[in-house]
Amino acid sequence: MLGRYKHNVLVIDKMNGRSTLCRSYHNLLGWPDGVSGQTLRTLGREHAEKYGVKFLKKLAAKVEKQGKDFLIETDDRSIYKTKKLLIATGVTDRIPEVLSEIKHCLGISVYVCPDCDGYEVDGKSVIVMGAGKAGAKLALSLTYWTKDIQYVNHDGEEINAALKNELSNKNIEYIKERLTKVMRDGEWFKGVELESGRRLFADRGFLGFGGNRVHSDLAAQLGAERLENKHLVIHARTKETSVQNVWAAGDVAAHSEQAAIAMGDGIQAAIWIHKRLLEEQRT
């Protein structure tokens, strides 16, 4: 959008965001057979470059206000100056190292978001791998789609009796034991192995560890308002943060974590960045 407005735009991207891991989004309108995060990123970049948008594979590590400008320092100590800043740094899902193999299945047979991908487990057997209350709540939410659910509380974080009763009432098997291995056939999840040696088998998997890392530190360096969970507070209409001329889009802001919403945030922010630049030109 900003490229189409003919503004000078630089995207600083370390290329390690959540979308680099998702092997298939199934709930994006217009992609009935699903589309990988990498495909979306590649096509999006090619599209933006047609309008003169520049891309830089670096990490934006620091930012400070200098007069009317923002100075951004990258991980190689280069400095970039801008009048307006859009932060779209997202979140990182907490996935224990022992489950690292599961990255091959993300978006295909293992999921993190019930709103995005609950439909994908409709009528299938599911293992929820998680921690305490976060995993239990996720398992309960999936009963809308399937009745065949096992919840493995890997971290061992205690859940209260009421929550245990809810799991029991929904016939969800509750297993408080550490995971030691993911079983898969290529991108297809097959089950897990527990510390005791017991193996659990299922058609699909869900991750519910909670404690995802919200990458809002850059905005915090400028004094932007954050919630207790570190998500940025943004204006509902303009997507601007509490710091003037700093906008935020996507999962770093407080909303349902959906790719389509992130895209919408970016478009909305671009419109208001353009409006601000026009106002400043007039004055």
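The values are calculated or read from the model by the stated rules, or taken from the named source; none is laboratory data. Just so we're clear, the structure is a prediction, and the values are computed from it rather than from any experiment. Note that each Cβ is placed from the backbone with ideal geometry, even for glycine, and that neighbours are counted across all protein chains shown. Quick note on the areas: whole protein, heavy atoms, side chains included, nothing else; ligands and nucleic acids left out. Shrake-Rupley method; radii C 1.70, N 1.55, O 1.52, S 1.80 Å.
Looking at the range 67-81, is at least one residue open to solvent by less than 60 Å² (accessible area, probe 1.4 Å), more than 26 Å from E240 (Cβ to Cβ) and within 18 Å of the chain's Cα centre (by Cα)?
no
Kindly indicate the residue of the range 122-144 that is touching a strand residue (DSSP E or B) at 6+ places or on another chain (Cβ under 9 Å) and outside any helix (DSSP H, G or I) and also surrounded by the fewest Cβ atoms within 10 Å (Cβ to Cβ) among those meeting that condition.
K124
Under the condition of being among the charged types (D, E, K, R) and in a loop (DSSP other than H, G, I, E, B), which residue from the range 11-26 is least open to solvent (accessible area, probe 1.4 Å)?
Only one residue fits best here, namely D13.
Can you confirm whether the range 150-163 contains a residue that is surrounded by fewer than 19 Cβ atoms within 10 Å (Cβ to Cβ), modelled with pLDDT of 95 or more and hydroxyl-bearing (S, T, Y)?
no
Is it the case that the range 45-56 has a residue that's closer than 27 Å to F209 by Cβ and either out of contact with any Ser or Thr (no Cβ under 6 Å at 6 or more places or on another chain) or open to solvent by 90 Å² or more (accessible area, probe 1.4 Å) (or both)?
No: the range 45-56 contains no residue that is closer than 27 Å to F209 by Cβ and either out of contact with any Ser or Thr (no Cβ under 6 Å at 6 or more places or on another chain) or open to solvent by 90 Å² or more (accessible area, probe 1.4 Å) (or both).
Based on this model, can you work out whether K275 counts as touching a strand residue (DSSP E or B) at 6+ places or on another chain (Cβ under 6 Å) and either in a loop (DSSP other than H, G, I, E, B) or open to solvent by 80 Å² or more (accessible area, probe 1.4 Å) (or both)? Even if it seems obvious, please write down each step before you answer.
Values: touching a strand residue (DSSP E or B) at 6+ places or on another chain (Cβ under 6 Å): no; either in a loop (DSSP other than H, G, I, E, B) or open to solvent by 80 Å² or more (accessible area, probe 1.4 Å) (or both): yes.
The answer is no for K275.
Mind checking whether some residue in the range 206-221 is under 19 Å from P96 (Cβ atoms), of a type in the set (K, R) and modelled with pLDDT of 95 or more?
No, every residue in the range 206-221 fails to be under 19 Å from P96 (Cβ atoms), of a type in the set (K, R) and modelled with pLDDT of 95 or more.
For the range 224-233, indicate whether the set of residues that are part of a strand (DSSP E or B) and open to solvent by 20 Å² or more (accessible area, probe 1.4 Å) is non-empty.
Within the range 224-233 (the criterion being part of a strand (DSSP E or B) and open to solvent by 20 Å² or more (accessible area, probe 1.4 Å)), the answer is yes, since at least one residue qualifies.
In this structure, is E177 closer than 16 Å to E101 by Cβ and more than 25 Å from the chain's Cα centre (by Cα)?
When the stated conditions are applied, E177 does not pass them.
So which of G210, G205 is in a loop (DSSP other than H, G, I, E, B) and in contact (Cβ under 8 Å) with a residue 40 or more places away in the chain? Break it down into steps so the answer makes sense when it comes.
Working: G205 fails: in a loop (DSSP other than H, G, I, E, B).
Of G210, G205, the one residue that is in a loop (DSSP other than H, G, I, E, B) and in contact (Cβ under 8 Å) with a residue 40 or more places away in the chain is G210.
Taking the conditions exactly as written (more than 18 Å from the chain's Cα centre (by Cα), within 25 Å of D217 (Cβ to Cβ) and not in a loop (DSSP other than H, G, I, E, B)), does Y119 satisfy them or not? It would help to see each step written out before you state the result.
Numbers: more than 18 Å from the chain's Cα centre (by Cα): yes; within 25 Å of D217 (Cβ to Cβ): no; not in a loop (DSSP other than H, G, I, E, B): yes.
For Y119, the condition - more than 18 Å from the chain's Cα centre (by Cα), within 25 Å of D217 (Cβ to Cβ) and not in a loop (DSSP other than H, G, I, E, B) - is not met.
Considering only the range 239-256, how many residues are open to solvent by less than 20 Å² (accessible area, probe 1.4 Å), in a loop (DSSP other than H, G, I, E, B) and within 24 Å of G67 (Cβ to Cβ)? Spell out the reasoning first.
Restricting attention to the range 239-256, the residues satisfying the condition of being open to solvent by less than 20 Å² (accessible area, probe 1.4 Å) are 241, 245-250, 252-253.
With the extra rule that they be in a loop (DSSP other than H, G, I, E, B), the set shrinks to 241, 245, 249.
Next cut, within 24 Å of G67 (Cβ to Cβ) only: 241, 245.
Residues meeting the conditions: 2.
Under 9 Å between Cβ atoms, at least 6 apart or on separate chains: pull out the pairs that start in the range 98-112 with a residue that is at positive phi and end on any residue that is open to solvent by less than 30 Å² (accessible area, probe 1.4 Å) and of a type in the set (G, A, S).
G107/S24; G107/G34; G107/S36; G107/G37
I'm trying to understand the selection: among the residues of the range 180-200, which are surrounded by 14 or more Cβ atoms within 10 Å (Cβ to Cβ), assigned to a strand (DSSP E or B) and of a type in the set (D, E, K, R)?
K181, R184, K190, E193
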